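In what follows, a single structure is set out as structure tokens and then discussed.
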Amino acid sequence: MSSSRDPRNIFLRETLRMKKPKPVPIQRIILYVKNIPKVADFYQRHFALQPQPSGLRGWLELDGVEGGCSIALHQAAKSQKSGAAMKIVFFVSDLPAFIHECARNGLVFGPVHEARGYEFANAKDPAGNSISISNRGFSRKPAIAQPESSSDKIKS
């Protein structure tokens with residue numbers, strides 16, 4: 001029989017007493033890059049993101065024409081290494097067609113991976129940041145809810 005001082009009971013009571021936070025939308029992702037024009041051209045050419053006017057030196061914000069999260073390019077310090085432990089995912093409904101179009105424009109994606117009812121493929125931007133395209137959310141295949149095992153995880 002567990003007592004009221006049992007850590008599991010205390011945790012459960014505290015969790016139930018906490019208020020849920022209000023949803024907060026993601027406004028922008030900031031990429032620290034050494035060559036803003038080169039990286040901006042990449043996102044404009046392959047993902048149709050549009051630069052927004054700004055009078056700030058070392059800063060360029062790119063927005064999608066259909067809204068969503070923007071990507072801000074921030075001038076990196078000379079000591080900063082390229083790439084980060086993050087990935088930007090772009091949602092596309094037809095991966096093969098998108099991959100083919102990108103290849104014609106110089107962007108080569110890795111192999112298409114299939115995972116639980118959706119597909120994705122990975123690449124890097126000119127600054128070394130990981131990017132991915134995915135049809136997760138567009139796929140008509142039903143996702144089967146299963147606990148992830150270490151063998152299910154795909155490293156990119």
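Look at the range 102-124: where a residue is within 26 Å of Asp41 (Cβ to Cβ) and a partner is assigned to a strand (DSSP E or B) and of a type in the set (Ser, Thr, Tyr), sitting 6+ places away or on another chain with Cβ atoms under 7 Å, you get Phe120/Ser132; Phe120/Ser134; Ala121/Ser132; Asn122/Ser130; Asn122/Ser132; Lys124/Ser130.
Taking Ile131, is it modelled with pLDDT of 90 or more, under 20 Å from the mean Cα position of the chain (by Cα) and either of a type in the set (Val, Ile, Thr) or within 24 Å of Phe42 (Cβ to Cβ) (or both)? Considered against the rule, which asks whether it is modelled with pLDDT of 90 or more, under 20 Å from the mean Cα position of the chain (by Cα) and either of a type in the set (Val, Ile, Thr) or within 24 Å of Phe42 (Cβ to Cβ) (or both), Ile131 comes out as yes. Selection within the range 45-71: residues that are charged (D, E, K, R) and in contact with a Ser or Thr (Cβ under 9 Å, 6 or more places away or on another chain). The member of this set that is surrounded by the most Cβ atoms within 10 Å (Cβ to Cβ) is Glu61. For beta carbons closer than 6 Å, sequence separation of 6+ or different chains, a first residue in the range 88-101 that is in contact (Cβ under 8 Å) with a residue 40 or more places away in the chain and a second that is in a helix (DSSP H, G or I) and aliphatic (A, V, I, L, M), there are no qualifying pairs.
The values are calculated or read from the model by the stated rules, or taken from the named source; none is laboratory data. Please read all numbers here as calculations on a predicted model, not as lab measurements. Neighbour counts run over all protein chains shown; Cβ positions are idealised from the backbone, glycine included.
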